[in-house]
Amino acid sequence: MMKYRVMRWVGLALFSTLFLCGSDAAAEADPTTASQPAKASLTSFDAVVLGVIEGVTEYLPVSSTGHLLLAERFLGLSDSEAAKNASDSYAIMIQAGAILAVLGLFWKRIVQIVRGVLQRDEAGWRIGINVVLAFLPAAVVGFALHSTIKKALFGPWPIVAAWVVGGVVLVLWRWKPGEESDSSATGDALAAMTPRQALLIGLMQCIALWPGTSRSLVTILGGLLVGLPTAAAVEFSFLLGGITLGSATVYEGLKNGREMLATFDLGPTLLGFGVSFVAAVLSVKWLVAYLQKRDMAVFGYYRIALALATTVYLVWG
């Protein structure tokens, strides 16, 4: 029961942030003035497509941001400057659905971390500290270079290049599928992490500020490189994603949420969040089971094939 209460309040908080941003825009807007941005057509169909793409790809090593930015181009959501700015922000803020999915699926671990903060669980305290330490490098770099990254890398060609680079890494990586591991064993491995290991994973996560790279890819590989078992590396990547994506979503919402909702209608916008939540739940469950038996080479081949197909489309489409 407590799980559902917290999820409800988290969802309400995210909804309220968006609603307040939209209310401020509506209060300030005058439809008779030239300063009112023109509404772009984010239809329910567009929202469902983007929600599915976000939820399925957020925690797979294929880059959700890269998929979303190109999907928005295909859907015609970047045909004007106002629509492009709104859709770029939406590609970041729609991550809220995937964040809620992680909160639900890894609720026991999150409760353990909260208990650690309250000094009631020593292992939970260490896990929480490690997640925060791993979060800091990308937070600092992302905050300092947010505008530069958005202007220079939120485009099709940087995404294609990142897909190829990440694909080659996955194909060449000598991956050993993880053995079955229960939650207790995984928790022990996470609690045994050192601050140095956490910071190294955090530095790896900075690479994922390049759209198309995949945050999940670099943090899972980072966990394996510092010696974590497969199950622990995957779970740490998801936990780190919760705080990283949450911070990026809140930052983008406060910075550009009002402008986004002045361009896109609220209904389809929230529909995309809901769809991304459901898709992320299914995607995370599938990935955890998949990585217990197989390597990630298939994702590498997929990334390379997608990069080639996108190149053909961009050149001759």
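For residues in segment 286-317 being at pLDDT below 90 and not hydrophobic (A, V, I, L, M, F, W, C), which is nearest to Ala98 (Cα to Cα)? It comes out as Tyr290. Across segment 267-286, a minimum of one residue is classified as under 26 Å from Ala192 (Cα atoms) and surrounded by fewer than 19 Cβ atoms within 10 Å (Cβ to Cβ). If I filter segment 51-63 for residues that are in a helix (DSSP H, G or I), modelled with pLDDT of 90 or more and under 17 Å from Thr310 (Cβ atoms), do I get at least one hit? Yes, some residue in segment 51-63 is in a helix (DSSP H, G or I), modelled with pLDDT of 90 or more and under 17 Å from Thr310 (Cβ atoms). Given the criteria surrounded by 18 or more Cβ atoms within 10 Å (Cβ to Cβ), out of contact with any Pro (no Cβ under 7 Å at 6 or more places or on another chain) and touching a residue at least 12 places away in the same chain (Cβ under 8 Å), does Ala123 qualify? Answer is no for this residue. Applying a threshold of 7 Å to beta carbon distances and a minimum spacing of six or more residues, or different chains, the list of pairs starting in segment 72-89 at a residue that is under 19 Å from Arg258 (Cβ atoms) and ending at one that is among the acidic types (Asp, Glu) and not in a loop (DSSP other than H, G, I, E, B) reads Leu77/Asp46; Asn85/Glu259; Ala86/Glu259; Ser87/Glu72; Ser89/Glu252.
Output the residues belonging to segment 53-86 that are more than 21 Å from Trp157 (Cβ to Cβ) and surrounded by fewer than 19 Cβ atoms within 10 Å (Cβ to Cβ). Across segment 53-86, the qualifying residue is only Ala82. For Ser41, the requirement of being at pLDDT 50 or above, farther than 30 Å from Gly223 by Cα, of a type in the set (Gly, Ala, Ser) and surrounded by fewer than 22 Cβ atoms within 10 Å (Cβ to Cβ) is met. Which residues, counting only those in segment 110-135, are under 22 Å from Ser64 (Cβ atoms) and not β-branched (Val, Ile, Thr)? Ala134, Phe135, listed by residue number.
Screening Phe106 on (1) more than 16 Å from Phe238 (Cα to Cα); (2) touching a Phe, Trp or Tyr at 6+ places or on another chain (Cβ under 7 Å) shows it passes everything except condition (1).
The values are calculated or read from the model by the stated rules, or taken from the named source; none is laboratory data. Keep in mind that this is a model prediction, so the values were computed, not measured. Cβ: placed from backbone, ideal geometry, glycine included. Neighbour counts: every protein chain shown.
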